[in-house]
Every structure is written in C-alpha cells, then in structure tokens.
Amino acid sequence: MNTPEPQQLDPGTPLVHAWRNMPDVRGHFGPYGGRFVAETLMAPLDELSEAYEAARNDPAFMAALDNDLADYVGRPTPIYHAERLSKKAGGAQIWFKREDLNHTGAHKINNTIGQALLAARMGKKRIIAETGAGQHGVATATVAARLGLECVVFMGSEDMRRQATNVYRMRLLGAEVRPVESGSKTLKDAMNEALRDWVAHVDDTFYIIGTVAGPHPYPAMVRDFQAVIGRESRRQMLERLDRLPDAVVACVGGGSNAIGIFYPFLDDEDVQIYGVEAGGDGVATGRHAAPLSAGRSGVLHGNRTYLMQDDNGQISGTHSVSAGLDYPGVGPEHSWLKDIGRAHYVDITDTEALNAFHECTRIEGIMPALESAHAVAYAQKLAATMKPDQIVLVNMSGRGDKDMNSVAEAAGESL
Amino acid sequence: MSRLASRLGALREQGRSALIPYLTAGDPAPDATAGFMHALVEAGADVLEVGVPFTDPMADGPVIQGACERALAAGMSLSGVLDIVTEFRQRDNETPIVLMGYLNPVDRMGLDTFAERAQKAGVDGVLIVDMTAEEAPDVVPTLEDAGLDAVCLIAPTTGDARIEKICAKASGFIYYVSFKGVTGSASLDVSSLAASVERIRAKTQLPVAVGFGVSTPENAADVSRVADAVVVGSALVRQIAEHGADRDATQAALRDTLSAMRRAIDEQDNTQGEARRA
Ligand SMILES: Cc1ncc(COP(=O)(O)O)c(C=O)c1O
C-alpha cells in the first residue's frame with residue numbers, strides 16, 4: 001500500500017488573499033499595526049474593540065448607519081467620467097468617485113458618522129478629534145451637532161492658519177477648536193494632543209480618529225467605515241461599464257480614503273492599485289510627507305508602520321502644500337500592502353498637485369481638494385501610459401473649497 | 001541582585017520610602033545633565049529616572065514636552081543619553097538609574113544593541129512608556145538577559161487580571177500612574193491611591209512606586225505613606241525650564257526642591273515608624 005502524500009496546507013494560496021484575515025485579533029497587519037500606548041489607554045481600547053465588534057454584528061446598528069449614509073451624507077456618491085481630462089492625458093479613461101459630493105465635502109464623514117453612532121451607543125457624551133486640513137474636524141463637529149454631543153477638535157496652529165475657513169465652520173457647528181502649539185504644529189501634534197486629552201477623560205470621552213492610523217481597533221474600524229467607497233465603486237463600475245477598472249488611484253495621508261476605495265478591490269488581482277503620497281518639494285529634497293516612499297518601520301501614535309524618522313528614531317518634520325497629507329506616518333495596512341506588493345505607492349510634488357488642481361478645475365469644472373489633486377495628478381500620468389479602452393478610477397476624496405487660501409498663496413495672490 | 005532591587009529592598013527593610021526624581025536627559029544641554037544628576041543624589045535621591053527625549057511624547061504634559069524639545073534642539077539622542085550615564089558613573093557607581101522613554105528611538109537602535117549598550121553604560125532599569133506586554137513578548141527577556149530590570153506601568157484603568165499579567169513580567173519595581181492623565185497634571189487623589197496600591201501589592205512582592213502629579217513636599221509625604229517610592233518629575237523639570245542657561249542656579253533650585261521633598265518623606269516615614277512601634 002502506498003503512503004499518501006502529506007497534505008499541504010493552503011497549497012499555492014497567493015499571499016495577497018491573506019488580506020481577508022487582516023488584522024489579527026490584536027490588530028496586526030503582518031508586522032504592522034498593533035497597540036503601542038501608555039497603559040492607561042489599554043482598557044478603554046479593549047472596551048472600544050468590544051463595543052465595535054458588537055455594533056458591527058448588530059443589524060439595527062448597521063441599518064441606522066446605512067440610513068444616515070443615505071439621507072444625511074447623500075450616498076451613494078456617483079462615479080463620473082472625466083472625459084476632457086482623459087482626452088488631455090491622452091490614454092486611458094479617467095473616472096472619478098465623487099466623495100467630494102458628500103455632505104461636508106469629503107470622504108471623512110463616512111467614518112465620523114459610524115464612530116459617532118458608536119459613541120452614542122457606548123453612552124459617551126463628549127467627542128474629541130484631531131484634524132489637519134480641517135475636513136475631519138468639520139465632519140466630526142457636524143455629527144456631534146446632530147447627536148447633541150460636546151465636541152473638542154485639536155488642530156495644529158499652522159494648520160489653523162492654512163485652513164481658516166474650516167476653523168470657522170467647526171466653531172459655527174458648536175465645536176471648540178483647540179490650537180496645538182507643540183512640535184511642528186500640524187496633524188501629528190494634533191493627534192498627540194488628542195491622545196493626551198483622551199487619557200485624561202477616558203470615562204466620558206470618545207476619540208474619533210480621522211484616518212486608518214492609531215492603536216487597534218482604529219485602523220480596522222475606520223477602514224470598515226470607509227470601505228463603502230470601494231463597495232459602491234465596484235458595483236457602479238460593473239453596472240455602468242460591465243467591467244472593473246484597470247487601476248484605482250487615491251491619495252494617502254493617513255490613508256483612509258485610499259484604503260476605503262482599495263479594500264473591496266484587493267481580491268481583483270487584475271486591478272492595479274496606486275496610493276499617492278505627498279512628494280512636497282520632491283522626495284529627494286527630504287521636504288515631503290511620503291513615509292511609504294522614503295520612510296522606515298517604526299512606532300508612532302499607537303501602531304507600527306512606515307514612518308519618516310531620522311537615524312536616532314526621532315520623527316522628522318514633514319512638508320506638503322496640502323495639510324491633510326502632512327503627516328509622517330501612514331495607516332499600518334498600507335505598510336503591509338506595500339510590503340506584499342499588492343499596492344504600489346508613488347508620490348506627487350506640490351507643483352504637480354497644484355497643476356492638476358488648476359487643470360481639473362478649468363476643464364472639468366470640478367475643484368479637487370489639494371489632497372485629492374495628488375491623486376488626479378498621478379492618474380493623468382498613469383493614464384498617459386495606458387490604452388484608450390482602459391480605465392483609471394480616481395478617488396476624488398474631497399472638494400477644494402477649503403483650499404482657496406493655499407491655492408492663492410501658491411500663486412502669489414492674496415484673497 | 002540588581003543595584004535597583006538591592007537599593008529598594010534595603011529601604012523597605014528600614015521602613016523608608018524611596019525618592020525617585022526624573023529629569024529629561026539633555027535639557028537644556030547634553031553637558032548639563034550629569035551635573036544635575038549628582039545634585040539630585042546629594043539632595044536625597046535614592047534612584048534616578050532619566051528621560052530619553054522623543055519628538056512625540058504622548059504621555060507627557062507641556063512641562064516634559066518642553067524639556068524634550070529643548071533637549072532635541074540641543075542635539076540629544078538615545079546614544080547621547082547612554083554617554084551621559086557613562087559620564088555619571090565615573091563619580092557615582094551606587095545610585096540606580098532607570099531610563100524612561102518611548103519605543104521608537106530604542107526600536108531604531110535595535111533592542112539587542114540598546115540593551116547591551118545600556119547595561120555597559122551603567123543603566124539598571126528601563127521603562128518604555130508605549131510598550132505593552134502584549135506587543136513585545138521579547139522586550140522583557142532581552143532586557144533581563146542583558147541584566148536590566150524591566151519596569152512596567154500600571155494605571156487606574158488597569159483591571160486585576162492585567163495587573164497580575166504585568167506583575168508577572170515586570171522587574172525592579174512597578175510604576176503606578178496615580179491618575180488618568182499626562183505627566184505634570186495636578187490632580188493627586190491620595191484617598192483612592194491607597195486602595196490602588198493595595199490592589200497591586202496583592203499581586204506582587206515588587207516595590208510599588210507612584211508617579212504623575214507629585215509636585216509639593218506635602219504630595220510627596222502623602223504618597224510615601226502608601227507607596228514604596230515616590231517619583232517626582234515635572235516639578236523638577238519646571239526648575240530647569242525657569243533657570244535657562246544658568247547651571248548653578250538650576251542645580252541649587254533642583255537641590256532645594258528635592259531636599260524639601262526628602263525632608264517631608266523622612267518625617268512621614270518617622271511618624272509611621274513610631275506609630276508602628278507604639
Ligand atoms: C479631502 C481629503 N482627502 C484626503 C485626506 C487625507 O486623509 P486620508 O489619507 O486619511 O484619506 C484628507 C485629510 O484631511 C482630506 O481632507
């Protein structure tokens with residue numbers, strides 16, 4: 001009698017499919033993610049993980065979320081064929097997923113609606129948030145107003161200057177905007193300050209993190225709330241065009257709009273995935289915000305991920321014309337997608353992004369947020385190398401109304 | 001036995017509370033720190049806690065944030081902190097030193113290299129604020145293999161099961177964070193402190209130090225009544241900030257601040273000792 005061959009475990013399963021199981025129970029995406037916080041936050045994070053698990057398995061919670069996404073946010077957002085931009089690029093067809101049409105003008109509200117409903121379910125009366133461009137702050141102040149929750153938003157004083165209109169919007173919505181003067185006075189410092197506030201007020205406060213960073217369960221939870229972008233896009237592509245895009249492109253600050261559109265396409269191996277980081281003055285100059293392109297693994301804000309840091313492990317200063325991308329870290333799932341090669345990470349400079357902003361505004365009549373303009377710029381480059389019957393889907397993560405000052409300043413004008 | 005364990009053990013036998021001052025290495029300049037450390041020992045420090053500056057000290061309030069910024073601006077690094085310890089050890093081979101900091105600088109240097117270099121420099125214990133037992137099963141063994149104690153934090157939010165888990169891994173002493181908040185906040189509540197320290201003592205023989213929020217001699221005495229050791233940080237770092245570049249004035253202020261706490265703790269220890277004997 002022949003001895004049977006020993007059975008192989010998972011014969012030939014490509015590594016990419018491991019995404020289905022990510023993160024593990026403690027929030028790891030391969031070597032990244034996890035929970036690196038001071039001891040005081042461990043119990044509140046456990047409480048949050050449990051509450052989130054219960055909520056997402058509760059049909060009533062999910063139905064309330066879907067209702068709000070439809071009636072309050074305005075979902076589903078359309079996909080739009082940017083024909084003139086495509087023609088100009090001279091290659092593939094460029095389509096936009098119109099997250100700029102959401103209530104409050106960006107994808108950020110998909111996540112704040114979800115987390116605010118969770119906060120209310122957990123009986124928390126006070127909401128805090130960090131913000132860079134102010135879009136997450138506005139989206140948080142908005143849902144707090146609607147649910148009658150007290151709201152404090154931490155914002156770097158440099159960003160408050162760059163995004164003065166959003167500061168005023170948050171105040172109109174009843175939120176207190178607390179200037180952060182420490183460190184580089186931008187998004188990373190606002191996040192430090194929000195974490196410090198949370199440590200001091202864990203009993204009554206819910207911290208709504210605005211991107212797929214932070215300690216577990218935030219990267220997974222925020223991804224789940226943002227994945228509605230990709231689920232809709234995939235369905236809309238199939239309904240409208242009877243096919244999937246050849247490439248999906250999104251800008252990456254912390255990475256929430258990107259993971260939101262990427263995640264439902266990860267199993268579609270013919271769909272190329274591109275995350276666009278802020279190249280600032282150019283990655284070679286060191287003045288940029290592109291940790292995946294030029295950083296190394298490290299630990300910041302509660303998770304292990306690619307970081308911009310010096311040889312002594314100190315976090316480096318960042319630069320980008322867009323406040324929402326001006327962050328030295330990136331969500332841990334992106335670090336992992338980079339390492340396994342499922343997603344490609346590229347960079348676009350300030351100048352390229354500003355050019356794309358103007359071009360998109362002039363020939364499509366759509367003013368992209370400066371963050372989203374990075375994705376548009378890369379999509380133009382990419383489309384030019386592709387055939388006219390191919391499709392590039394771009395996440396238009398937000399609208400540019402908030403950026404009038406920055407755009408004018410870059411053009412040497414003042415408003 | 002480690003320098004840390006024998007020092008704290010001896011104090012416990014004598015019924016005395018340990019006083020552990022903290023300062024951020026390199027604040028306001030790398031060549032100031034060793035001198036400040038000697039001054040603190042002269043003023044009654046039993047153990048020294050030396051902060052490794054980090055750009056993003058998320059568990060620290062504005063006072064220690066400021067110290068980190070000054071130290072980094074003056075060129076301080078983890079490597080530089082180890083040099084300071086080496087320098088300090090040329091004149092003091094007795095006082096135990098605990099390094100306190102955040103994970104990323106250690107991660108960048110490499111845990112093995114760090115542990116080896118720290119031990120060689122004369123460090124006795126290490127406390128990494130954002131390193132939890134779950135994330136780094138290898139951190140504690142690596143530190144201990146190098147002969148370093150792994151000091152761990154316990155917070156008011158830590159449940160009994162976790163307290164047990166943390167105590168099983170920790171060595172040197174347990175650092176109890178006296179309230180929910182960042183360093184330097186003033187909201188010490190001594191009444192709840194006693195119960196919390198008892199909760200920890202039920203799980204471990206290790207000495208329990210209490211820190212965060214000790215800013216006056218009265219605070220120090222109150223804490224010493226219930227804990228084995230009192231950690232004081234922001235109150236000292238504030239002196240460094242206020243005196244700027246004047247080293248002599250800073251050292252005098254550090255000495256005054258700490259010796260007032262030393263006296264208050266000793267009086268408290270004596271009263272407690274007499275009460276016990278009576
Ligand atoms: C419109 C827009 N897009 C993108 C981002 C970047 O964030 P994330 O990478 O999490 O999508 C921001 C952040 O403020 C934003 O406002």
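The values are calculated or read from the model by the stated rules, or taken from the named source; none is laboratory data. Everything numeric here is computed off the predicted structure, so don't read it as measured data. In this analysis, Cβ positions are derived from the backbone assuming ideal geometry, glycine residues included, and neighbour counts consider all displayed protein chains.
Observations
- Beta carbons closer than 9 Å, at least 6 apart along the sequence or on distinct chains, never pair a first residue in the stretch A:241-266 that is within 14 Å of chain B (Cβ to nearest Cβ) with a second that is within 16 Å of the ligand (Cβ to nearest atom) and in a strand (DSSP E or B).
- Residues in the stretch A:84-99 that are away from the ligand (no atom under 16 Å from the Cβ) and either crowded, with 18+ Cβ neighbours inside 10 Å or within 19 Å of A:Glu239 (Cβ to Cβ) (or both): A:Leu85, A:Ser86, A:Ala89, A:Gly91, A:Ala92, A:Gln93, A:Ile94, A:Trp95.
- Restricting attention to the stretch A:357-406, the residues that are at pLDDT 95 or above and more than 14 Å from the ligand (Cβ to nearest atom) total 22.
- Residue among B:Asp130, B:Asp92, B:Asp46 that alone is part of a loop (DSSP other than H, G, I, E, B), under 16 Å from the mean Cα position of the chain (by Cα) and either under 23 Å from B:Gln251 (Cβ atoms) or without any contact (Cβ under 8 Å) to a residue 24 or more places away in the chain (or both): B:Asp46
- Within the stretch A:106-128, being more than 16 Å from the ligand (Cβ to nearest atom) and assigned to a helix (DSSP H, G or I) holds for A:Ala116, A:Leu117, A:Leu118, A:Ala119, A:Ala120, A:Arg121.
- Any chance A:Ala141 is within 16 Å of the ligand (Cβ to nearest atom), surrounded by 24 or more Cβ atoms within 10 Å (Cβ to Cβ), of a type in the set (A, V, I, L, M, F, W, C) and part of a strand (DSSP E or B): no
- Selected residue [under 21 Å from B:Val129 (Cα atoms) and surrounded by 22 or more Cβ atoms within 10 Å (Cβ to Cβ)] from B:Val210, B:Val223: B:Val210
- Residues located in the stretch A:155-180, provided they are more than 14 Å from the ligand (Cβ to nearest atom), in contact with an Asp or Glu (Cβ under 8 Å, 6 or more places away or on another chain) and within 14 Å of chain B (Cβ to nearest Cβ): A:Arg178, A:Val180
- Scanning the stretch A:298-340 for residues that are touching a Phe, Trp or Tyr at 6+ places or on another chain (Cβ under 6 Å) and surrounded by fewer than 24 Cβ atoms within 10 Å (Cβ to Cβ) turns up A:Trp336, A:Lys338.
- Breaking point among (1) touching a residue at least 60 places away in the same chain (Cβ under 8 Å); (2) away from chain B (no Cβ under 14 Å), for A:Ala190: (2)
- Cβ-Cβ under 6 Å pairs, at least 6 apart or on other chains, the stretch B:251-278 side in contact (Cβ under 8 Å) with a residue 12 or more places away in the chain, far side of a type in the set (S, T, N, Q) and part of a loop (DSSP other than H, G, I, E, B): B:Ile265/B:Ser17; B:Asp269/B:Ser17
- Only listed residue being under 30 Å from A:Leu300 (Cβ atoms) and assigned to a loop (DSSP other than H, G, I, E, B), chosen from A:Pro245, A:Pro215, A:Pro219: A:Pro215
- The stretch A:204-237, subset under 11 Å from the mean Cα position of the chain (by Cα) and within 14 Å of another protein chain (Cβ to nearest Cβ), residue nearest to the ligand (Cβ to nearest atom): A:Ala213
- Close pairs from the stretch A:387-413: first without any contact (Cβ under 8 Å) to a residue 60 or more places away in the chain, partner surrounded by fewer than 16 Cβ atoms within 10 Å (Cβ to Cβ), Cβ under 6 Å, at least 6 apart: A:Ala408/A:Leu415
- For the stretch B:163-180, a tally of residues being more than 17 Å from the chain's Cα centre (by Cα) and assigned to a loop (DSSP other than H, G, I, E, B) returns 1.
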